[in-house]
Amino acid sequence: MAKHAEPAKYAKHIAAHDPIIDPCWDPVFKSIFTRNTTQSEIARKKLLSAILEEPVKELSISANEPPVSRLDQRQIRYDIQCLFNSGERADIEMTLYPHKWEVFRMEYYLSRLFASQEIREEKGSYKTLKRSYQISLLARGKLFEDKSFDHRFIYYDPENKIPFGGLTAIITLELEKLGVTAKKAVSAMSEKERWAVFFKYYNDTEKQPLIQEITREEEGIAMAADVISGFTADEVAFFHEMSVEKYELDMRAHAQEAEEIGEARGWKKGRVEGRAEGRTEVLDLLKSGKSPEEILGSYGKQ
């Protein structure tokens with residue numbers, strides 16, 4: 001495996017890293033892998049190759065960056081759609097806090113990606129369809145109860161134990177499950193594991209020796225680190241602005257959802273009283289340090 005030169009810029013960045021420059025935050029993740037630079041292109045191909053466990057050669061990507069003024073719309077996605085030279089395609093994204101309906105959303109967008117192939121042309125047919133992948137990196141929380149951080153879902157008949165042999169797959173990497181993996185020697189980690197550890201612990205002060213070792217050993221990760229270290233002051237300011245605005249809009253959306261919950265729980269006391277109860281309760285929980293996801297999750301269990 002090719003090794004990258006000693007990442008001097010990266011070491012400098014680590015010494016004074018900005019918490020907002022977190023590759024697990026979806027706008028930062030997308031900014032790393034969609035630039036028109038050699039570093040970004042190599043990092044993107046290496047990441048896809050590691051996750052798919054086969055060499056990847058791209059033909060094109062679609063950045064489709066949403067405007068800041070639309071961050072409150074839940075259908076906005078910071079995904080990266082890739083079309084490979086083979087005709088296969090993949091959609092890759094980072095989700096900071098997965099929603100409770102995350103698996104349904106993945107299936108929906110994978111279906112759209114697969115169906116976007118044009119087979120009505122003269123030489124097109126079902127047999128010309130190519131594989132499509134939905135790749136989701138999940139930074140916080142856990143979707144599945146097992147201990148594995150890496151899953152690949154395909155059509156399968158569980159009763160007769162027969163794989164369908166279809167052309168679609170959903171691949172998930174749950175970074176919260178990396179505790180054991182992060183304790184491995186870097187030389188014993190797979191490429192996929194190195195990438196996952198890089199994303200999970202990039203901003204962890206105690207893990208910087210590990211991150212720098214991974215960066216020296218993995219060319220694609222070194223390129224991603226170079227992209228991060230090259231962010232301009234304007235770009236960092238933009239990330240800060242988006243972080244504040246997204247937080248405010250998320251709080252607004254969660255407050256509206258809490259009002260609906262409060263209405264349901266306080267219906268016998270009246271609509272107005274129920275809305276006030278829901279709003280007050282969620283604000284108290286936010287002040288206590290709970291995340292919006294934890295709050296909504298606790299409501300969902302009641």
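The values are calculated or read from the model by the stated rules, or taken from the named source; none is laboratory data. Here the structure is a predicted model, which is why all the values come from computation and not from measurement. Don't worry about glycine lacking a Cβ; one is built from the backbone with ideal geometry, like all the others, and counts go over all protein chains shown.
Quick look at the numbers
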quantity: Residue in the range 49-71 that is part of a loop (DSSP other than H, G, I, E, B), hydroxyl-bearing (Ser, Thr, Tyr) and modelled with pLDDT of 90 or more present; calculated: no
quantity: Residue within the range 223-230 that is outside any helix (DSSP H, G or I), surrounded by fewer than 18 Cβ atoms within 10 Å (Cβ to Cβ), within 16 Å of the chain's Cα centre (by Cα) and of a type outside the set (A, V, I, L, M, F, W, C) present; calculated: no
quantity: Out of Leu83, Leu129, Leu137, sole residue that is touching a Lys or Arg at 6+ places or on another chain (Cβ under 6 Å) and within 19 Å of Val56 (Cα to Cα); calculated: Leu83
quantity: Residue list for the range 86-108, filter: of a type in the set (Asp, Glu) and not in a loop (DSSP other than H, G, I, E, B); calculated: Asp91, Glu93, Glu102, Glu107
quantity: Among the residues listed as Lys147, Lys142, Lys192, Lys200, the single one being closer than 19 Å to Pro98 by Cα, of a type in the set (D, E, K, R) and buried (at least 18 other Cβ atoms within 10 Å of the Cβ); calculated: Lys200
quantity: Pick from the range 90-120, criterion surrounded by fewer than 13 Cβ atoms within 10 Å (Cβ to Cβ) and basic (Lys, Arg), ranking: farthest from the chain's Cα centre (by Cα); calculated: Arg120
quantity: Among (1) surrounded by fewer than 20 Cβ atoms within 10 Å (Cβ to Cβ); (2) modelled with pLDDT of 90 or more; (3) not acidic (Asp, Glu), the one test that Ala8 misses; calculated: (2)
quantity: Complete set of residues in the range 129-168 that are among the polar types (S, T, N, Q) and in contact (Cβ under 8 Å) with a residue 12 or more places away in the chain; calculated: Ser132, Gln134, Ser136, Ser148, Thr168
quantity: Residue count for the range 148-194, restricted to those that are in contact with a helix residue (DSSP H, G or I) (Cβ under 6 Å, 6 or more places away or on another chain) and not β-branched (Val, Ile, Thr); calculated: 9
quantity: Residue list for the range 191-214, filter: among the polar types (S, T, N, Q), in a helix (DSSP H, G or I) and touching a residue at least 60 places away in the same chain (Cβ under 8 Å); calculated: Gln208, Gln212
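Yes or no, residue by residue, for (1) polar (S, T, N, Q); (2) surrounded by fewer than 21 Cβ atoms within 10 Å (Cβ to Cβ); (3) modelled with pLDDT of 90 or more; (4) touching a Gly at 6+ places or on another chain (Cβ under 8 Å):
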site: Ile20; (1), (2), (3), (4): no, yes, no, no
site: Trp25; (1), (2), (3), (4): no, no, no, no
site: Ser40; (1), (2), (3), (4): yes, yes, yes, no
site: Lys46; (1), (2), (3), (4): no, no, yes, yes
